[in-house]
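Q: My questions all concern the structure below.
The values are calculated or read from the model by the stated rules, or taken from the named source; none is laboratory data. Here the structure is a predicted model, which is why all the values come from computation and not from measurement. Neighbour counts are summed over all protein chains in view; Cβ atoms, including those assigned to glycine, are modelled from backbone coordinates with ideal geometry. Only protein heavy atoms, including side chains, enter the accessible area calculation; ligands, DNA and RNA are left aside. Shrake-Rupley method; radii C 1.70, N 1.55, O 1.52, S 1.80 Å.
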Amino acid sequence: MTNTLHRYGSRESLADDYIVFIMPARGINDQGALPKQRAFLEAATRYGPVNLGDAKQGGFYRPNTGLNLFTAYFSPRKHGVTPAEMVRGLSQPGTVAAVFDNKAAFEGFIAEVKRLDLGLSVNSSAVVDDVRCACQKAGFHPHSVEYSLGFRGRMEKLPEGRVLELSTMCGHGMVSASYAQKMVSMVKEGRLTPERASQYMAKFCACGVFNPSRARRLLEQAGSSLHP
């Protein structure tokens with residue numbers, strides 16, 4: 001099972017959210033897995049990912065280390081790393097992922113992964129019909145499928161839907177509902193752009209599977225709701 005299985009939203013809300021993981025099994029095929037995972041990430045960069053994830057170090061957008069008064073206020077702040085830096089920084093076998101915001105790129109990458117035949121487990125998280133379609137076009141069938149049944153129980157205890165759509169993009173709960181609500185409020189007030197707010201949230205996702213493109217769209221919709 002993947003921690004991205006429970007991303008909240010309707011089919012339309014998830015139409016620009018596609019994640020592909022690759023991972024070795026410890027003690028079985030992890031020896032020699034590092035160059036294969038680098039090849040996976042290098043292939044992903046050719047399809048325009050909106051995020052790449054390294055569970056050991058994070059994604060494109062990462063927290064700043066070593067901030068001080070000067071770097072915080074008087075010098076340009078670096079908000080993340082480039083795809084090339086991601087690939088070079090991969091130091092040990094683990095879970096890596098690529099995130100896409102359109103079906104064409106996702107389908108192209110799935111076909112590319114099949115051609116590479118890296119011999120490691122590949123897991124995709126998206127609307128299941130889109131995954132089946134991508135696999136069929138690439139000439140194979142999924143090994144297995146897992147479904148999320150959504151939330152059950154005292155639904156009134158949950159945050160509002162827009163907040164859940166944002167916070168559940170980090171399956172480990174590192175993007176809190178209160179922080180997502182703060183970003184929504186700051187965008188509505190004009191204090192942050194949707195793009196910058198989405199980058200801030202992406203920094204908290206240690207796996208790098210947060211989709212900043214989808215977050216930006218959701219925040220733009222939230223901001224425009226004040227001005228119908």
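Q: If you take every residue apart from Asn211 with its C-beta less than 10 Å away from the C-beta of Asn211, what net charge results, scoring Lys and Arg +1 and Asp and Glu -1?
A: Values: positive: Arg7, Arg214, Arg216, Arg217; negative: Asp16, Asp17, Asp101.
Result for the neighbourhood of Asn211: +1.
Q: Helix-only mean residue ellipticity at 222 nm, the chain, DSSP H runs n ≥ 4 weighted -39,500 (n - 2.57), per residue, nearest 500. What is it?
A: Numbers: 9 runs with 91 residues, N = 228.
It lands at -12000 deg cm²/dmol.
Q: Turning to a different aspect of this structure: Please report the equivalent ellipsoid semi-axes of the stretch 116-225, computed as sqrt(5 x eigenvalue) of the Cα gyration tensor, largest first, in whole Å.
A: 30, 17, 13
Q: Under 16 Å Cα to Cα from Lys103, which aspartates and glutamates show up? Leave out anything in the same chain fewer than 8 places away.
A: Glu12, Asp16, Asp17, Glu112, Asp129, Asp130
Q: Any idea what angle helix 177-188 forms with the longest principal axis of the chain, computed on alpha-carbon atoms, 0 to 90 degrees, nearest 10?
A: In the chain, helix 177-188 runs at an angle near 60 degrees to the longest axis.
Q: Excluding ligands, DNA and RNA, what is the solvent-accessible area per residue of the stretch 161-228 at a probe of 1.4 Å, expressed in Å²? Could the numbers behind the result be given before it?
A: Values: 2900 Å² over 68 residues.
On a per-residue basis, 43 Å².
Q: What part of the accessible area of the stretch 139-228, given as a whole %, is carbon or sulfur when the probe is 1.4 angstrom?
A: Carbon and sulfur: 54 percent of the exposed surface of the stretch 139-228.
Q: Sticking with this structure for a sec: Taking 30 Å as the cut-off for C-alpha to C-alpha distance, list the pairs among Lys157/Lys203; Lys56/Lys188; Lys137/Lys188; Lys36/Lys137 that go past it.
A: Lys56/Lys188; Lys137/Lys188
Q: Restricting things to alpha carbons, tell me how big the chain is in terms of Rg and Dmax, in Å.
A: Computed over the Cα atoms of the chain, radius of gyration and Dmax are 18.0, 57 Å.
Q: Additional query: Which value does Rg/Rh take for the stretch 177-228 over its C-alpha atoms, Rh per Kirkwood?
A: Details: Rg = 10.6 Å, Rh = 10.9 Å.
Result: Rg/Rh = 0.97.
Q: State the Cα centre-to-centre distance between the stretch 168-228 and the stretch 9-58 in whole Å.
A: 22 Å
Q: Hey, what do the phi angles of the stretch 168-173 turn into as Karplus ³J(HN,Hα) couplings, whole Hz, using 6.51/-1.76/1.60 and θ = phi - 60°, x for Gly and Pro?
A: 6, 6, 10, x, 8, x
Q: How large is ³J(HN,Hα) for each residue in the stretch 127-143, as worked out from phi by the Karplus curve 6.51 cos²θ - 1.76 cosθ + 1.60 (θ = phi - 60°), to whole Hz, x for Gly and Pro?
A: Whole-Hz 3J(HN,Hα) from phi for the stretch 127-143: 4, 4, 5, 5, 5, 4, 4, 5, 5, 4, 5, 7, x, 8, 10, x, 5.
Q: Now, a different point. Just from the alpha-carbon atoms, what are the Rg and Dmax of the stretch 1-56 in angstroms?
A: Computed over the Cα atoms of the stretch 1-56, radius of gyration and Dmax are 13.9, 41 Å.
Q: Of all the accessible heavy-atom surface of the stretch 90-132, with the other protein chains kept in place and a 1.4 Å probe, what percent is carbon and sulfur?
A: 44 percent
Q: Hey, another quick one. Kindly give the semi-axes, whole Å and largest first, of the ellipsoid equivalent to the stretch 125-184, taking each as the square root of 5 times a Cα gyration tensor eigenvalue.
A: Numbers: eigenvalues 190, 39, 17 Å².
So the three semi-axes of the stretch 125-184 are 31, 14, 9 Å.
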